[in-house]
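Report on one structure; see the data block that follows.
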Amino acid sequence: MSETVQQAYEIAKKQYAALGVNTDEVIQKMDEVVISLHCWQTDDVGGFETPDASLSGGGIQATGNYPGKATSLAEMRADLEKSLSLLPGKHRLNLHAIYGDFGGELVDRDQIELKHFQSWIDWCKKMGIGMDFNATCFSHPRAADGFTLSSKNEDNRKFWVEHVKRCRAISAEIGKQLGTPCVHNTWIPDGSKDVPIDRNGHRALLKKSLDEAMAVDYPKEHMKDAVESKLFGIGAESMTVGSHDFYLGYAIQNNKLICLDMGHFHPTEQVGDKISSCLQFVDEVLLHVSRPVRWDSDHVVTLNEEVQMIASEVIRNNFLKRVNIGLDFFDASINRIGAYVIGTRAAKKAFLFALLEPTSMLKEMEEAGQNFERLAMLEELKTKPFGAVWDYYCQQSQVPVGEQYITEIQQYEKDVLSKRGFN
């Protein structure tokens, strides 16, 4: 154990204790902050359906061509294992349906089965982590016209309904085998590039499709359903069928999780402000922590005010057991493992910072109308020795402290990623 880290932590511990915060208890509480790592950061949302699988259409776009992209299950798992080795605390895997173990066989999405994901379940068992799952309703010929579950082409609509049905069944088995509920998230890119006439028709079809796809109830200890809205997407600038209003209503009516993605709202909207509103009416929410830059651009998460507000809202209201935390970004312009580690560490830091807040003291000030005092204390907290507690937490978790992870990722790039070249 580094003596310098220990000494800095003891100083920080005393400063936070003066505010009524026990840093040892905070570090133990961090075990409850479980983040689901999105597999698609390793390969730019390509998947393994075909040997040359690549992103196409559906309102999603990864930018950049940094060398070293994962092009196989083995490479992806190696990258995930390296990333997990550099992260403090507990985590999960978040997998899209296009990442099945298809063994070189072309399996269309309405034909996927548990066997195509059993090796992922076994890998999660080996790693000692839980797993979440997503239907992949994009980048497919049957999504080429911009519609999936809300398609007026009945053959296409039924195809996507069957896909979601199968994904939910797979998710339930994932949760059963791993002993922790699998969150299955449904997001579709459906929408119109220009002004549509029949918005209602598509939304009625989406509701019908969701009702059909989710007709089977699975035990919540095995699987939880989430539905994810979006403001707009590429090719869906004028109307998105699955809007926030639509899915929030559907989630409330059908007791589903509402997924709040940080990039799926107007730039001036604060996702953190939506958490306590939604949790008045639904049992749980799913968060997709990202960093939109002017739009849903899925930049690598950094420790900014938006992420901090989300973490603070969750911690201040004791919502950890009702909030499922996932990441959703894909940056192909920098080292992909580096992107993973920066983003996940940033999200974890936000929750640690929130746990170090003397919430009871701040609430008392607020209730007493001491708004000056409240604001002053919030400002002073920004320069408390939070970094010393973070370093100690990393050291206790036996992962690199501070900037040490940079060197490890550089070495991994030299030893592994550089040998893959450009894809």
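Mind telling me which of the residues E306, E367, E408 ends up being touching a residue at least 12 places away in the same chain (Cβ under 8 Å), among the charged types (D, E, K, R) and farther than 27 Å from I258 by Cα?
Details: E306 fails: farther than 27 Å from I258 by Cα; E367 fails: touching a residue at least 12 places away in the same chain (Cβ under 8 Å).
When all the criteria are applied, what remains is E408.
Residues checked against (1) surrounded by fewer than 19 Cβ atoms within 10 Å (Cβ to Cβ); (2) of a type outside the set (V, I, T):
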{"position": "A213", "(1), (2)": "no, yes"}
{"position": "P219", "(1), (2)": "yes, yes"}
{"position": "A251", "(1), (2)": "no, yes"}
{"position": "P267", "(1), (2)": "yes, yes"}
{"position": "L286", "(1), (2)": "no, yes"}
{"position": "V293", "(1), (2)": "yes, no"}
{"position": "D296", "(1), (2)": "no, yes"}
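For residues that are aliphatic (A, V, I, L, M) and in a strand (DSSP E or B), scanning just the range 219-241, find the one that is nearest to K256 (Cα to Cα). First the steps, then the outcome.
First, pick out the residues of the range 219-241 that are aliphatic (A, V, I, L, M): 223, 226-227, 231, 234, 236, 239, 241.
From what is left, the residues that are in a strand (DSSP E or B) are 223, 226-227, 236, 239.
Details: M223: 11, A226: 6, V227: 7, A236: 25, M239: 23 Å.
For the range 219-241, the residue satisfying everything is A226.
Could you grab me the full set of residues in the range 159-206 that are surrounded by fewer than 16 Cβ atoms within 10 Å (Cβ to Cβ) and either over 24 Å from K125 (Cα atoms) or at pLDDT below 95 (or both)? I'd like the intermediate steps shown before the answer.
Here is the first cut: in the range 159-206, the ones surrounded by fewer than 16 Cβ atoms within 10 Å (Cβ to Cβ) are 179, 193-198, 200-201, 204.
Within the range 159-206, K193, D194, V195, P196, I197, D198, N200, G201, A204 qualify.
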In the range 260-291, what residues are in contact (Cβ under 8 Å) with a residue 12 or more places away in the chain, polar (S, T, N, Q), part of a loop (DSSP other than H, G, I, E, B) and over 21 Å from P189 (Cα atoms)?
Q270
Mind checking whether some residue in the range 13-32 is under 30 Å from G402 (Cβ atoms), in contact with a helix residue (DSSP H, G or I) (Cβ under 6 Å, 6 or more places away or on another chain), assigned to a helix (DSSP H, G or I) and polar (S, T, N, Q)?
yes
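In this structure, does F117 turn out to be of a type outside the set (S, T, Y) and in contact (Cβ under 8 Å) with a residue 60 or more places away in the chain? Before the answer, list the steps.
On the way: of a type outside the set (S, T, Y): yes; in contact (Cβ under 8 Å) with a residue 60 or more places away in the chain: no.
Taking the combined requirement at face value, the residue does not satisfy it.
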Which numbered condition V241 fails, given (1) touching a strand residue (DSSP E or B) at 6+ places or on another chain (Cβ under 8 Å); (2) surrounded by 19 or more Cβ atoms within 10 Å (Cβ to Cβ); (3) more than 21 Å from E269 (Cβ to Cβ)
(3)
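For the range 179-204, give me each residue that is under 19 Å from the mean Cα position of the chain (by Cα) and not in a loop (DSSP other than H, G, I, E, B). Steps first, answer last, please.
Restricting attention to the range 179-204, the residues satisfying the condition of being under 19 Å from the mean Cα position of the chain (by Cα) are 180-189.
Scanning the range 179-204 gives C182, V183, H184, N185, T186.
Show me the helices (runs of 4 or more DSSP H) found entirely inside the range 312-392 where at least 2 residues are over 17 Å from G20 (Cβ atoms) and either in the same structural domain as Y66 (by TED's automatic domain parsing) or among the acidic types (D, E) (or both). If you could, list the steps in order and put the result at the bottom.
Values: elements: 336-355, 359-367, 371-381.
Helices (runs of 4 or more DSSP H) meeting the threshold: 336-355.
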If you check Y405 against the conditions, is it surrounded by 15 or more Cβ atoms within 10 Å (Cβ to Cβ), outside the structural domain of V289 (by TED's automatic domain parsing) and within 26 Å of the chain's Cα centre (by Cα)?
yes
Which condition breaks for P400 when tested against (1) part of a helix (DSSP H, G or I); (2) not assigned by TED's automatic domain parsing to the domain that holds T71?
(1)
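The values are calculated or read from the model by the stated rules, or taken from the named source; none is laboratory data. Model, not experiment: these values are computed from the prediction. Backbone-built Cβ (ideal geometry, glycine too); neighbour counts: all protein chains shown.
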